[in-house]
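Here the structure is laid out as structure tokens; the discussion comes afterwards.
The values are calculated or read from the model by the stated rules, or taken from the named source; none is laboratory data. Only a predicted model underlies this, so the values are computations on that prediction, with no experimental measurement involved. Backbone-built Cβ (ideal geometry, glycine too); neighbour counts: all protein chains shown. These area figures cover heavy atoms from the full protein model, side chains too; ligands, DNA and RNA do not enter into them. Shrake-Rupley method; radii C 1.70, N 1.55, O 1.52, S 1.80 Å.
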Amino acid sequence: MSRGGFACRIRSLAVDLFWHIYKKFAVAKAVNYNQALKSPRLWCGERNMSIPEFQEIIVPNDQTEARAEHLEKLRELVGNVYPNKFDRSTLSGGEDTITAIKNWEPVVAIETEMAAIKADLAPGERPPGEMKDAMNESLKALGTVRIAGRLTTTPRGNFVHLTDGISKLQIYCNKKGPLALIRNDAENMLDAENGWAMWQLVDHGDFIGAEGYLFVTNTGEVSVHVEKLQFLAKAMLPMPDKMHGIADPELQRRFRYADLIASTLQVEHDGLTTREVFERRAKLISGMRRFLDDDGFIEVETPMLTPKATGAAAKPFETHHNALDIPLYARVAPELYLKRLVVGGFEKVYELNRNFRNEGLSQRHNPEFTMLEFYVAYMDVNGMMDLAETMIKDAVVKANDGSLVVRYGENEIDFSTFRRISMLDAVMPSLVDAALEDERNSQLANDMPDGKEGLSFGIYNVRKGPNIVEVFEEKVESTLIQPTFIVNYPKSISPLSKASPENPNVAERFELFINGMEVANGFSELNDPKEQYERFVDQMSERERGDEEAMVLDEDYIRALSYGMPPAAGIGIGIDRLVMLLTNKHSIRDVILFPHMRPEKREGEKGSEGEAENGN
RNA sequence: GGGUCGAUAGCUCAGUCGGUAGAGCAGCGGACUCUUAAUCCGCGGGUCGCAGGUUCGAUCCCUGCUCGGCCUACCA
């Protein structure tokens, strides 16, 4: 087809030969996605010395070889195959992204008109030529458009779609007409001859830039008639399956970039695409920020590396600061820092950031998770529930296309009503049931070793907080589908909260449950330093008794409280879980872009036993 | 951690009651050049996750291992 073909063939033969030999002798077999993980390969020698070869990361196969060959040919044709930039036109007012073109008023007008014409046609019938010609005249008059994007289809024939990750726009190259290519050299020299040659070498997934004019095809789709092509970047690996996307959830999470590409390319899908999930997440978060900012809150960032892991009952990640030679802990909660700021005079303060807890992984737990925590001076727990309810509704409406109702699995969740039930009322039916069982009855009575004051009610006397909580968690929690604030918690499990004015044994604390999942909790903040100190001391003795999650005494926090903290209420909202509810996702890993995964293992690495006999 | 199910072509999957495997898409070659994931004809591509065992023979049966899904338990 072209000059230089011979040299090119020699080169590709040499490449072929190398890979052939490599495959035969180097045991390299794995390819992208699946194979990269599922068939362990021989790494060279000891683990700490091994620097993987490029071919071990992008393992050659017929797909990658074809693309590599195209890339070499493109290099001859266009020069630099990874140019630094491409300037898009600005016909639409701003930068002409594909989405901007698709939403540009004259384009929308033509598409609307064409849709109306097509509505009257039989399937397969084409719009009348004279209408099309009139449209084409007005489209061409709009001027020269320069767009860029990733090829979403195999370039077979003259048509291909480009995407900017959101929308798609079709482009058309005419073999018979003039088609130039823009070389990627310093002057961006025009090569009027070889546009079509370049067109033959682009692959599904490559990035290209195109310059031309808008027109309507015979089937009525607004497209770009390309006059000049510019190559922008190569996809060395094949694109994910366009029908199914990436099906394996592990691979979706591990190769999120490919999952996101797939969600743009994918033709059929149930529910939201991966991209839409994260767009919705972003809307929820920005909605909450806007709400709080508009309400006079100040956003702050407090330490993520802390000398003490406190503020929540949780096991921390531990690390070490070399210069100071001290242990540091990834924070389990920002709570105590934020309340120091309330002491310091921030009456409304929030932080939206990550917490880290060194505990199990599950559908609802990731080692790092995003929490929105905020505090309001002079407010109690009831005011906080009102505020939280208003804010969550506002954010849900913003993220959920204006609706307060979401479908979650089998359930329909309605955010328009938040019930409030005391823990005792919630637990009562279960306790009465339990009381009828003798075994259960005596067990409950015997399980109360120490003399903590209990709660007395009705037919039953429960002397220790955790028992109620246990029954609640076991029997009640999973039944709370619609948004429900559970209020009045036993004091013993809430070492940072104030007692209720009505009952000194009850903490002014709430937890918000939706779909059986704890989404938020908050309380009237304890601001008596002496009492706080005593609660910490209690926690410390729990700790000594083996409760690893009991809270650690924070002396500086006691000092801060001693400067005086106004009455205040605070709340922590689990953002990931809220996003799960709004996106109908049942695993937290589906709403975190890069959730924690086991590291990819390579054969030959230490850490897995049994490799001695596996040998090689 | 416990239970359970799974790993087959680059991708999505089928299949073999034990005789070394197929489809669609993707790739390559050719034809075509106004297509909406998928134009037509042809071709190449797999140590059926890894290691052992039973067997004349294992991708299939058994054991162990690795990795993962689901259910379950603890923290949000």
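List of remarks:
- Tallying residues that are among the polar types (S, T, N, Q), open to solvent by less than 20 Å² (accessible area, probe 1.4 Å) and assigned to a helix (DSSP H, G or I) within region A:503-557 yields 1.
- The C-beta contact set for region A:291-310 (first residue part of a helix (DSSP H, G or I), second residue surrounded by 19 or more Cβ atoms within 10 Å (Cβ to Cβ), distance under 6 angstrom, 6+ apart or interchain) comprises A:Phe291/A:Met391; A:Leu292/A:Tyr350.
- No other residue among A:Ile110, A:Ile147 is of a type in the set (A, V, I, L, M, F, W, C) and part of a strand (DSSP E or B) apart from A:Ile147.
- Screening A:Glu373 on (1) within 16 Å of A:Leu512 (Cβ to Cβ); (2) away from RNA strand B (no atom under 16 Å from the Cβ); (3) in a strand (DSSP E or B) shows it passes everything except condition (2).
- Looking only at residues of region A:116-141 that are open to solvent by 50 Å² or more (accessible area, probe 1.4 Å) and touching a residue at least 12 places away in the same chain (Cβ under 8 Å), we find that the one that is farthest from the chain's Cα centre (by Cα) is A:Met131.
- Options A:Leu292, A:Leu284, A:Leu237, A:Leu272: the member that is among the aliphatic types (A, V, I, L, M), more than 15 Å from RNA strand B (Cβ to nearest atom) and open to solvent by 10 Å² or more (accessible area, probe 1.4 Å): A:Leu272
- A:Gly574 near RNA strand B (Cβ under 6 Å from one of its atoms), more than 20 Å from A:Arg254 (Cα to Cα) and at pLDDT 85 or above: yes
- Of all residues making up region A:317-340, the number that are surrounded by fewer than 19 Cβ atoms within 10 Å (Cβ to Cβ) and either among the hydrophobic types (A, V, I, L, M, F, W, C) or over 21 Å from A:Pro595 (Cα atoms) (or both): 9
- Sole exception among (1) without any contact (Cβ under 8 Å) to a residue 60 or more places away in the chain; (2) more than 14 Å from RNA strand B (Cβ to nearest atom); (3) in a strand (DSSP E or B) for A:Asn355, by number: (2)
- For region A:243-255, the criterion of a residue being in a loop (DSSP other than H, G, I, E, B), open to solvent by less than 30 Å² (accessible area, probe 1.4 Å), modelled with pLDDT under 95 and touching a Phe, Trp or Tyr at 6+ places or on another chain (Cβ under 9 Å) is satisfied by at least one position.
- Scope region A:62-105; condition under 18 Å from A:Leu142 (Cα atoms) and surrounded by 18 or more Cβ atoms within 10 Å (Cβ to Cβ); matching residues: A:Arg88, A:Leu91, A:Ser92, A:Asp96, A:Thr97, A:Ile98, A:Ala100, A:Ile101, A:Trp104
- Selected residue (criterion: farthest from RNA strand B (Cβ to nearest atom)) from residues of region A:311-320 that are touching a Pro at 6+ places or on another chain (Cβ under 9 Å) and not charged (D, E, K, R): A:His320
- Within the set A:Gly157, A:Gly205, A:Gly177, the sole residue that is near RNA strand B (Cβ under 10 Å from one of its atoms), crowded, with 19+ Cβ neighbours inside 10 Å and in a loop (DSSP other than H, G, I, E, B) turns out to be A:Gly205.
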